[in-house]
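Remarks on the structure that follows.
The values are calculated or read from the model by the stated rules, or taken from the named source; none is laboratory data. For clarity, every value in this text was computed on a predicted model and none was experimentally measured. As a convention, Cβ positions derive from the backbone with ideal geometry for all residues, glycine included, and neighbour counts pool all protein chains shown.
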Amino acid sequence: MQTLLNSILRPAAVRRKGYNALLHIHPRTVDRQSLRFTRTFCMGGLAFLMFLVLTVSGVLLMFLYVPETERAYRDMKDLAYVVPFGRFMRNIHRWSAHAMVVFVVAHMVRVFYHKAYKPPREFNWVVGVACLILTLLLSFTGYLLPWDQLAYWAITVGTNMISYAPIIGSKGPLSMVAADSDLKFIVLGGHAVGQNALLRFYVLHVVALPLLLLVFIMFHFWRIRKDNQLKAKRPL
Amino acid sequence: MACQCGKIDRRVLVKAGLSSLAVAGCAGLYTGMRSLYPTVLYEPSPIIEIGPSDAFVPGEVKSFQAGNKKISVIRGEQGLYALVRNCTHMGCIPNYDPQSLSFLCPCHGSIFTMEGDVVKGPAPAPLFRAEIAVNAKGLLEVNAAVIENDPQRRLTKPFLYQMPA
């Protein structure tokens, strides 16, 4: 963690050690094998590209959408029918979101079949799983925002599942909490999907989860260099 | 050479500083989390007045919105009861089907009888019944916050309203 902070705060001092998260993923010398397309299929890179596209298109959408139960659905309709290029922007965001989940899973599958999760890279697999979970949470929280029937019932079903979580869910095994204080209640901010839930999902979707994911992505990239994943085993 | 300016050891100072930061961090975490637990909810009231009891005839299903929940009031053989139409599986709203005299859940296909019992899963338990009683005005009132689905207890007051003879 300290090295990570150093790499961000004091890049010049650690650059020669190759610890800089902001600079090159690739070392000076690269194994010819690792440059081949079939080595990675670019899945991780494409997932990150989708993250960038989603960030830019998401910020644009934030100017045109209010997370309020009376307005959310109409704002979404306005995007489709009133705002110039609104439908294009929303579809960019929507399809990139689908693609990001696909790329992240494909990346994971590729890493699995190449046995790339094995030591010395086992820790980066763990970081990758955190990225996967954050990606899925982003996907889930974004699902509610259009505030249509599909969104409403999907989140009703999804958050009902939360109440079956062990210990902190009111219906789960070893439950220690009542329905009025379990995890589902705090996620929704109430007993049913309503204004509180919409606002909470919005804040998680546009601020909390993307920032957290960005931190994990940087950590993930830095580990690639740290684990010498791409370095030449012999000089070219 | 250690600092001559005070009596406090540098290590002690660092430890005290870090401990204070940890305490402040925990306090901040608690403050933040606590504020996210709502103490006042601006949700619609779960209590709804549904009119006089003689307005309900056998074989008819009347539906009402009581707060967040959809209620279907049914007159059975033993009396009136108010089914809470929230599927016990994942909380979707089963619709009344007059052809098969049952409630069909659109989300995952659970089927319930008019009594609320499960005919077909994945629903794990019968539909709940809400409290139904006569209020001060002499009209029936349903409280969707008080619910029961135990096969025995749901046949007792206040989950079953006996029609006056």
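Here are a few things to note about the model shown:
- So A:Thr141, is it among the hydroxyl-bearing types (Ser, Thr, Tyr) and within 14 Å of another protein chain (Cβ to nearest Cβ): no
- Residue within region A:212-220 that is touching a Gly at 6+ places or on another chain (Cβ under 8 Å), away from chain B (no Cβ under 12 Å) and in contact (Cβ under 8 Å) with a residue 12 or more places away in the chain present: yes
- Across region B:105-164, the number of residues qualifying as of a type outside the set (Ser, Thr, Tyr), within 14 Å of chain A (Cβ to nearest Cβ), over 21 Å from B:Ile47 (Cα atoms) and surrounded by 15 or more Cβ atoms within 10 Å (Cβ to Cβ) comes to 3.
- Total residues in region B:120-165, condition part of a loop (DSSP other than H, G, I, E, B), at pLDDT 85 or above and either under 15 Å from the mean Cα position of the chain (by Cα) or among the small types (Gly, Ala, Ser) (or both): 7
- Close pairs (7 angstrom Cβ cut-off, 6 or more residues apart or separate chains): closer than 11 Å to A:Gly189 by Cβ in region B:25-38, assigned to a helix (DSSP H, G or I) and of a type outside the set (S, T, N, Q) anywhere: B:Leu36/A:Ile186; B:Tyr37/A:Ile186
- For region B:89-104, filtering for residues that are assigned to a loop (DSSP other than H, G, I, E, B), of a type outside the set (Gly, Ala, Ser) and within 14 Å of chain A (Cβ to nearest Cβ) leaves 5.
- B:Tyr37 being at pLDDT below 90, within 14 Å of another protein chain (Cβ to nearest Cβ) and closer than 23 Å to A:Ala178 by Cβ: yes
- Among the residues of region A:164-202, those that are surrounded by fewer than 19 Cβ atoms within 10 Å (Cβ to Cβ) and touching a residue at least 24 places away in the same chain (Cβ under 8 Å) comprise A:Ala192, A:Gly194, A:Gln195, A:Leu199.
- When region A:161-188 is filtered for residues that are touching a Leu at 6+ places or on another chain (Cβ under 7 Å) and either within 12 Å of chain B (Cβ to nearest Cβ) or of a type in the set (S, T, N, Q) (or both), the ones remaining, listed by number, are A:Ile162, A:Ile186.
- Subset of region B:44-65 (residues that are assigned to a strand (DSSP E or B) and under 19 Å from the mean Cα position of the chain (by Cα)): B:Ile47, B:Ile48, B:Glu49, B:Ser63, B:Phe64, B:Gln65
- The residues on offer are A:Ala197, A:Ala130, A:Ala208, and the sole one that is within 14 Å of chain B (Cβ to nearest Cβ), outside any loop (DSSP other than H, G, I, E, B) and touching a helix residue (DSSP H, G or I) at 6+ places or on another chain (Cβ under 7 Å) is A:Ala197.
- Residue list for region B:66-88, filter: assigned to a loop (DSSP other than H, G, I, E, B) and either within 11 Å of chain A (Cβ to nearest Cβ) or closer than 25 Å to B:Pro44 by Cα (or both): B:Gly67, B:Asn68, B:Arg85, B:Asn86, B:Cys87, B:Thr88
- Look at region A:34-54: where a residue is within 14 Å of A:His114 (Cβ to Cβ) and a partner is at pLDDT below 90, sitting 6+ places away or on another chain with Cβ atoms under 7 Å, you get A:Ser34/A:Leu230; A:Arg39/A:Gln33.
- Region B:56-72, subset of a type in the set (A, V, I, L, M, F, W, C) and surrounded by 13 or more Cβ atoms within 10 Å (Cβ to Cβ), residue modelled with the lowest pLDDT: B:Phe56
- Each residue in region A:133-156 was checked for being touching a residue at least 12 places away in the same chain (Cβ under 8 Å), over 14 Å from the mean Cα position of the chain (by Cα) and part of a helix (DSSP H, G or I), and 4 of them qualify.
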